[in-house]
Amino acid sequence: MADQGAKADLLWTSDLMLGLLGPVRLVSSAGDDVTPKARKTRALLALVALSRTPLSRGRLSDLLWGDRGDDQARASLRQALYELRSLSAAGYVVADREAVGAGGKKLPTDIGLVQRLIEENKGDELADALDDVESPPLGGLDDVTPELDEWLRDERGRICATLVNGALGVAERSLQHGDITSARRIADQLERLDPLDERVAQLGILADIAGGDRAAAMRRHGRLSGRLGHELGIRPAAETEALLDKAKAASTVRRPSVVRSEDRPARARWLLPALIIVAVLAAAAGLLTFMRSAPVAATPTIAVLPFDDLGQKNEDYFASGVSDEILNLLAHQQQIKVLGRVSAAQLVNPAQSLETARKLGVTYLLDGSVRTATHRVLVIARLTRVSDGAQVWSERYEGKSGDIFAVQGDIASAVAARVAQSFAGIQLQETSPEVYDRYLAARQLIRERREPTLKEADRLLREAIARDPRYAPAYAELAQLIMLESDDPTSYGSIPIARARVMAEPFARKAIALDPNLGDAYAALGFLSLNLDATAEPYLRKAVQLSPQRPEFHRWHAQTLAALGRYDDAIAEFKRAVEIDPLWGLNYDHLIGALYSVGRAAEARQYARRFFELSTDQRAKLLLLQSLQKADQNLAGQLKTAIALQHAYPDERQMRLNLVSALSALGDNRAAAKLVTNDHLGAAVLTSNWPALAQAVEASGPAYWDQYDYWNQAALLIDSGHADTLVKLYDEAEPLIASGRLTPDKVAQPEAIVALRKVGRRADAERLLGQLRRKEDRLPNVGLFGEEKQFSAATVAALTGDSRTALRLLDQWSRRKPFRMTPIPAMALRYDPVFGWLGSDPRFPAIEDRLRVAINGERVKAGLPPLSREAWIGDPQTLLTKN
């Protein structure tokens, strides 16, 4: 019996198909379902089948049994492998002491079948295969472990993007060759799988029109329009609308009236319909070309991809540093354009890099490898033309490790000579290999944006400076790093913001003294103001002039221009950052926010749609979605997205703060308080520890005005009897305003006016009120800024005692934009120090209740119980810990 059982185990491995495009299934050629019963065994099979290289046992244990101890996880992995023993015996799976991977005999998958049909351009068969695809791919594996959920999210995105992009290409070619039926079937299936992909709808509309079914084209357009409006709050792109109009025109062919159909010879009767189809297909082909083509750039654009490290794997920062320095060198040249490093890093997938590069207007890709030994370095660089994928050249550079600067200069010179034909070599600012190693390692660590890695980067940069006190880039990098280590809500560390500025400024100024032409040095000086206000503008302008292809410098400069009220110039700079690095989500985030602020919401949504279509970075997509939800005042959506981000990236401080903010905006302050770490102000507010709040605010000094609007702290200071703290900070700010180091607008805040009045300084309060009025008058009359300006009218009315106007405006806002009136943390309007004195008016309770009803509406959408009126209006001293 034992022998028969073993033989039976092997029989079903003769011909198998692993289904991944839907629930994970293993089926024999006879149609028998031989899928492993245990979910984690199915997950293990999927992981091995989809990995190009063997997976270490440690990695598999983390993904599938991360919640167990090491010994138990290893034992569970052995059990799962035992359940797959027949596949191992048949050569499909290979496992050794270190890793598990695919065997010499390839296990067929439905993904492989679809990819083969795409490569062979078999439209009809591809449509049949797509009909069998279920959503989502890799079904039945959710909620095994958080680590596997993260892998599933990324892998599903990759699978769907590959499938949709490849199938679209087949459908386009089918349509161009007259196979309208296959094109329509593929479009129908892709719409089922990705109903929000506008490219699919565009292709389907063309195929419907080419088939003479204009009604189907209209229905398809209507479905897309409805989904985009319901899911994203946007309309189809102008290209889709124009495509539909042009396709309609192309399908309307006027019949000649000279010869009646019954008098026309037989050949003529079939010739006209054929000509109509040819005309429609020609129009469709032209429109497809319009959809896919991009204007050829007069200036070559290079994407410098991260170089592969073929040497010591624990020093991969060295290889990435080589490509970074090449990028920095080329970015200074006027004859070429260089794609930003964040976007370039997303072009590393060989299967999609050329297609994505074409969409981004990139003309050349530079990639390569670095191998380091004890005293030698070998760099191989390759230049690839994007238009046809041809390799232009491949060159080898070898030398001593200490000659790395000359090697990089040679590579940069070679690339520029090939594409720009006029380039003079640049000399890098040289230092010793030991110093440069530390500098590169620190830069790599800084990008992780986590406090432990920032501390290690700090140590490395200080060591570099100690070894070479004249190496300017290390000083500039350290200045920026210290600001990232501050406890500002937008940073990642715990150094008090005022102290961080004092620590960072000498390093920034030293960098400029050592190298007056170093863009990073001026950027570091501007970055001392983390919120990048008007005082930082001259430094960022200089940084952009010296390093014109650094996208973050353009973005920072744009923020300073917006602070100066130069909104059109700011938007132009934000767009320049997007142009340089079109796959960096942060660039889009700032641009979209700026567009919303000046009333250009439709344009903002177009940019958002573009990023969602181009990017494969799920983290960046979720962050951008969250920003859109904030702009649209979708509090429930913000919370859901914040939960997803915090679940996916639990170690990131910013994700935790985003979730805290979303919970607190909905009045769920008790849950928010449990998540606050390394944020003294937030912890004090959410736990109603008012003495600690006053102490933390006072300790921040004049830097407080940079973070004035976080956690509604000014209002809570006044409510808790600490108005004198605000007055003290106002007095400390006066010398900085006089010296030009702080803008008067920063201090012109309603709560500061109330605090000054409370301590009897009415003259100062009136002067500040005039500054507030002038500041608000400068705002545009449209967009989010227009809303701020209109609401400011209610604020000014309340501050000047005009209760009639204040109540009328508050009543209007409570009906139109209630969340414009609710701070974070959410609390009743009667505790606002500006509007609280209006609470005795009989109209006031209705205004307050509308705010509570609005908050409760979002709480219900988010799955939270509604707040009672008692909880909403309770004592502010305990309100924040009661909810």
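The values are calculated or read from the model by the stated rules, or taken from the named source; none is laboratory data. Predicted model only: the values in this text are computed from it and were never measured. When we count neighbours, we look across all protein chains shown, and the Cβ atoms used for this are built from the backbone with ideal geometry, even at glycine. Heavy atoms of the whole protein, side chains included, go into the accessibility calculation; ligands, DNA and RNA do not. Shrake-Rupley method; radii C 1.70, N 1.55, O 1.52, S 1.80 Å.
Determine, from the Cβ-Cβ distance of residue 459 and residue 39 and an R0 of 45 Å, the FRET efficiency 1/(1 + (r/R0)^6), rounded to the nearest 0.05.
0.55
Multiply the residue gap between residue 687 and residue 616 by 0.36 nm, knock off their C-alpha separation, and tell me the result in nm, one decimal place.
Extending this stretch completely gives an extra 21.6 nm.
So how much slack lies between residue 734 and residue 218, counting 0.36 nm per residue of separation and subtracting their Cα-Cα distance, in nm?
179.4 nm
Which value, in debye to the nearest 20, gives the size of the charge dipole of the range 507-628 about its Cα centre, when Lys and Arg are +1 and Asp and Glu are -1 at the Cβ?
Magnitude of the dipole: close to 80 debye.
Going 7 Å from the Cα of residue 869 toward and past its Cβ, which residues in the range 800-841 have a backbone nitrogen under 14 Å from where you end up?
none
At a Förster radius of 22 Å, what calculated FRET efficiency corresponds to the Cβ-Cβ distance of residue 135 and residue 227, to the nearest 0.05?
It comes to 0.90.
FRET efficiency for residue 147 and residue 782, Cβ-Cβ distance as r, R0 = 41 Å, nearest 0.05?
Step by step, r from the Cβ atoms, then E = 0.35.
Using all alpha carbons of the range 635-785, what is the percent of pairwise distances in each 10 Å bin, ordered from the shortest bin to the longest?
11, 33, 31, 22, 4, 0
Give, as ranges by residue number, the residues of the range 562-595 whose backbone N falls under 17 Å from the point 7 Å along Cα→Cβ of residue 602.
Counting only backbone N, you get 595.
Taking Rh as the Kirkwood radius computed over C-alpha pairs, what is the Stokes-Einstein D of the range 456-576 at 10 °C in a medium of viscosity 1.306 mPa s, expressed in µm² per second?
Rounded, D is 110 µm²/s.
Taking a probe of 1.4 Å, how large is the accessible area per residue of the range 738-883, in Å²?
Per-residue accessible area for the range 738-883 comes out at 46 Å².
What percent do you get for the relative contact order of the range 629-778 when only Cα pairs under 8 Å and 6+ apart count?
Averaging sequence separation for qualifying contacts and normalising by length gives 13 percent for the range 629-778.
Taking Cα pairs under 8 Å and at least six residues apart, what relative contact order does the range 43-202 come out at, in percent?
Relative contact order, the range 43-202: 21 percent.
Per 0.36 nm of contour for each residue apart, how much would the distance between residue 449 and residue 72 grow if the chain were fully extended, relative to their Cα-Cα spacing?
132.4 nm
For residue 218, what accessible area in Å² do you get when you roll a 1.4 Å probe over the heavy atoms of the protein chains, rounding to the nearest 10?
Taking all protein chains as shown, residue 218 has close to 90 Å².
Rank these by accessible area, largest first, 1.4 Å probe: 728, 106.
106, 728
Can you pull the one-decimal nm distance between simple spin-label points at residue 586 and residue 94, each 7 Å off the Cα toward Cβ?
Using points 7 Å along Cα→Cβ, the separation is 4.2 nm.
Can you list which of the trypsin sites (Lys or Arg not before Pro) found in the range 597-678 are DSSP loop residues with at most 15 other C-beta atoms within 10 Å?
Here the sparse-neighbourhood loop sites are 674.
Please report the net charge: other residues with Cβ closer than 10 Å to the Cβ of residue 213, K and R +1, D and E -1.
Around residue 213, the charge tally is +3.
Can you give me the % of accessible surface on the range 667-710 that is carbon or sulfur? Probe 1.4 Å, all protein chains present, nothing else counted.
Solvent-exposed carbon and sulfur of the range 667-710 make up 52 percent of the total.
Roughly how many percent of the accessible protein surface of the range 26-82 is carbon and sulfur, given a 1.4 Å probe and a whole-percent answer?
Heavy-atom surface of the range 26-82 belonging to carbon and sulfur, 1.4 Å probe: 46 percent.
State, to one decimal in nm, how far the label point of residue 513 lies from the label point of residue 434, with both points 7 Å from Cα in the Cβ direction.
2.5 nm
How many nm is it between the label spots at residue 564 and residue 762, if each spot is 7 Å from the Cα in line with the beta carbon?
So the label points at residue 564 and residue 762 sit 4.0 nm apart.
Mind checking the dipole of the range 578-685: about its Cα centre, +1 per Lys or Arg Cβ, -1 per Asp or Glu Cβ, Debye to the nearest 20?
Roughly 300 debye for the range 578-685.
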